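**Q** Dropping the structure in here first, questions after.
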Amino acid sequence: GDGVFRYYSDGEWKASASGKSVPIINPTTRNTHFKVQACTQEEVNKIVESARAAQKLWAKTPLWKRAELLHRAAAVLKEHKAPIAECLVKEIAKPAKDAVTEVVRSGDLISYCAEEGVRILGEGKFLVSDSFPGNERTKYCLTSKIPLGVVLAIPPFNYPVNLAVSKIAPALIAGNSIVLKPPTQGAVAALHMVHCFHLAGFPRGLISCVTGKGSEIGDFLTMHPGVSCISFTGGDTGIAISKKAGMIPLQMELGGKDACIILEDADLDLGAANVVKGGFSYSGQRCTAVKVVLVMESVADELVEKVNAKVRKLTVGAPEDDCDITPVVTESSANFIEGLVMDAKQKGATFCQEYRREGNLIWPLLLDHVRPDMRIAWEEPFGPVLPVIRINSVEEGIHHCNASNFGLQGCVFTRDINKAILISDAMETGTVQINSAPARGPDHFPFQGLKDSGIGSQGITNSINMMTKIKSTVINLP
Ligand code: G3H
């Protein structure tokens, strides 16, 4: 047709009445690679309306049947891993192998959700009244978990498939319907993923995917009275959404400044390997990336040397060639990263490698001797540049970590497990990893941020629970 990917509404692929489209720029070539529909508010209204209607029937569909459909979607998704991964390569410059991993991980997540849902939603509670003072055993209370209604899922560009599915699957197994608003970069990968749910045979209207400009439909979606829950992953926008949204449950994951604390007694090879993996995977564009290294001065030279040796081995180039470091998602992102680097340079940070940039491609850079007056000590670059701050005590490290307005994850490297646990308790973050880089997975683990890093907890079990409400029926005996 006109080369513009259609949006998905009421079980059909549609062109927007706006006649307008949104371009998706390939970060590597910086040319328009795909176009998606610029949907209108009226089209959003239609989607929410059909989502509400479909949800009513879906809530009455037996749990085992919901699970069966999800298992089917997981299988279809895995069968289509190659074309979906190809989109991730073109839309967000994810290295080819990681792109395939994202899709496979998403299939596994859907299946796990189906199984977990069957178990936890297959159980309710039975309470009796005479445990509370003044009551006889004349009231029996039966509780179970019921769906919320329409869940609005807004995933970010860095995992357009996986962080969509981590919202869609828990919502569906719990009996909710889904309105998905994918990120612009990654929208076509998301539409392909939605097509897999379509092929699996979900009822029409139960899942919809609306594309378009945030300025046109963003607030309209998040403030829509027909929406019963928002699950959002992304940046600052989440804070704005949480201020404007109605009285509905919110699940938000909004980035981090994950600290990696390295003590004198640490296995420095292990620490260096995790600093590189944690700091530079997908070119640092992960909310759980290591974003500041806090290393004890006495082992800092040795650690930095080991990290530099590994950074030298990172391949830099195109995602099609499966390079470790690939172009960052947009030009404005590259400009932002460069701004942080230049600020650090001006204020005297030591560059362990030469700063190099071509278009959106930024070569990996370790910045040593970073001090708290530099922006990069606090801000999230979301790129392949990593600051090292040398500390003289554990307390100094914990203090830096807790002075951040973020509190997603953190990690500590030491051979002393008692020390590690004390440090973990002292770090104000949702998760602390001992002797490994921060990471969300395995996907059934709880995942949550403190402070500006988010609201609520994710992970398969927590997401299913969050997307339900308790309903109780009380039997009153004579
Ligand atoms: O970007 C945020 C993701 O939730 C991080 O997931 O730890 O699997 O890369 P990950």
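The values are calculated or read from the model by the stated rules, or taken from the named source; none is laboratory data. Just so we're clear, the structure is a prediction, and the values are computed from it rather than from any experiment. A quick note on method: Cβ atoms are made from the backbone with ideal geometry, for glycine too, and the neighbour counts reach across all protein chains shown. Ligands, DNA and RNA are stripped out before the accessible areas are found, and what is left, the full protein with its side chains, is counted by its heavy atoms. Shrake-Rupley method; radii C 1.70, N 1.55, O 1.52, S 1.80 Å.
**Q** Take segment 229-259 and flag every residue that is more than 14 Å from the chain's Cα centre (by Cα), among the charged types (D, E, K, R) and within 16 Å of the ligand (Cβ to nearest atom).
**A** If the condition is that a residue be more than 14 Å from the chain's Cα centre (by Cα), among the charged types (D, E, K, R) and within 16 Å of the ligand (Cβ to nearest atom), then 257, 258 are the ones that fit.
**Q** Does any residue in segment 399-427 that is of a type in the set (Lys, Arg) come within less than 9 Å, Cβ to Cβ, of a residue that is open to solvent by less than 40 Å² (accessible area, probe 1.4 Å) and modelled with pLDDT of 95 or more six or more places away or on a different chain, and which pairs are these?
**A** 415/263; 415/266; 419/263; 419/394; 419/412
**Q** Tell me yes or no: at least one residue of segment 359-378 is closer than 21 Å to residue 158 by Cα and either without any contact (Cβ under 8 Å) to a residue 12 or more places away in the chain or among the polar types (S, T, N, Q) (or both).
**A** Yes, segment 359-378 contains at least one residue that is closer than 21 Å to residue 158 by Cα and either without any contact (Cβ under 8 Å) to a residue 12 or more places away in the chain or among the polar types (S, T, N, Q) (or both).
**Q** For a quick check of your reading of the model, give me the residue pairs whose first member lies in segment 300-322 and is in contact (Cβ under 8 Å) with a residue 60 or more places away in the chain, whose second is open to solvent by 80 Å² or more (accessible area, probe 1.4 Å), with beta-carbon atoms closer than 7 Å and at least 6 apart or on different chains.
**A** 322/97
**Q** Residues that are more than 30 Å from residue 175 (Cα to Cα): list the strands (runs of 3 or more DSSP E) wholly contained in segment 1-99 that include at least 3 such residues.
**A** 21-25, 32-37
**Q** Okay, next question. Is one or more of the residues making up segment 157-170 away from the ligand (no atom under 16 Å from the Cβ) and among the hydrophobic types (A, V, I, L, M, F, W, C)?
**A** Among the residues of segment 157-170, not one is away from the ligand (no atom under 16 Å from the Cβ) and among the hydrophobic types (A, V, I, L, M, F, W, C), which makes the answer no.
**Q** For segment 260-279, how many residues are buried (at least 16 other Cβ atoms within 10 Å of the Cβ) and away from the ligand (no atom under 16 Å from the Cβ)?
**A** 8
**Q** Here is a follow-up. Residue 191 - would you say it is away from the ligand (no atom under 16 Å from the Cβ) and in contact (Cβ under 8 Å) with a residue 24 or more places away in the chain?
**A** Considered against the rule, which asks whether it is away from the ligand (no atom under 16 Å from the Cβ) and in contact (Cβ under 8 Å) with a residue 24 or more places away in the chain, residue 191 comes out as yes.
**Q** Can you tell me how many residues in segment 351-399 are open to solvent by 40 Å² or more (accessible area, probe 1.4 Å), in a helix (DSSP H, G or I) and within 30 Å of residue 27 (Cα to Cα)?
**A** 1
**Q** Scanning segment 292-305 for residues that are open to solvent by 10 Å² or more (accessible area, probe 1.4 Å) and under 16 Å from residue 367 (Cβ atoms), which turns out nearest to the ligand (Cβ to nearest atom)?
**A** Of everything passing the filter in segment 292-305, 304 is nearest to the ligand (Cβ to nearest atom).
**Q** Limited to segment 430-448, what total is found for residues that are part of a loop (DSSP other than H, G, I, E, B), farther than 21 Å from residue 279 by Cβ and open to solvent by less than 60 Å² (accessible area, probe 1.4 Å)?
**A** 1
**Q** Also, I was wondering about something else. Residue by residue through segment 424-466, note down the ones that are aliphatic (A, V, I, L, M) and either at pLDDT below 95 or touching a Ser or Thr at 6+ places or on another chain (Cβ under 7 Å) (or both).
**A** 432, 434, 439, 450, 455
**Q** Next up: Hey, residue 151 hits all of (1) more than 16 Å from the ligand (Cβ to nearest atom); (2) surrounded by 24 or more Cβ atoms within 10 Å (Cβ to Cβ); (3) assigned to a helix (DSSP H, G or I) but one; which does it fall short on?
**A** (3)
**Q** Of the residues 390, 415, which is over 19 Å from the mean Cα position of the chain (by Cα), more than 11 Å from the ligand (Cβ to nearest atom) and under 19 Å from residue 380 (Cα atoms)?
**A** One residue alone meets the criteria, 390.
**Q** Restricting to segment 39-53, name every residue that is touching a Gly at 6+ places or on another chain (Cβ under 9 Å) and open to solvent by 10 Å² or more (accessible area, probe 1.4 Å).
**A** 40, 43, 45, 49, 50, 52, 53
**Q** Determine whether residue 320 is charged (D, E, K, R) and over 22 Å from residue 374 (Cβ atoms).
**A** So residue 320 fits the description; yes.
**Q** Write out, first by first residue and then by second, each pair whose Cβ atoms fall under 8 Å of each other, whose residues are 6+ apart or on separate chains, and whose first residue, in segment 74-99, is at negative phi and free of Cβ contacts under 8 Å to residues at least 12 places away in the same chain while the second is open to solvent by 10 Å² or more (accessible area, probe 1.4 Å) and part of a helix (DSSP H, G or I).
**A** From segment 74-99, no pairs qualify.
**Q** Residues that are within 17 Å of residue 14 (Cα to Cα) and open to solvent by less than 20 Å² (accessible area, probe 1.4 Å): find the strands (runs of 3 or more DSSP E) completely inside segment 154-259 holding 2 or more of those.
**A** The qualifying strands (runs of 3 or more DSSP E) are 177-180, 207-209.
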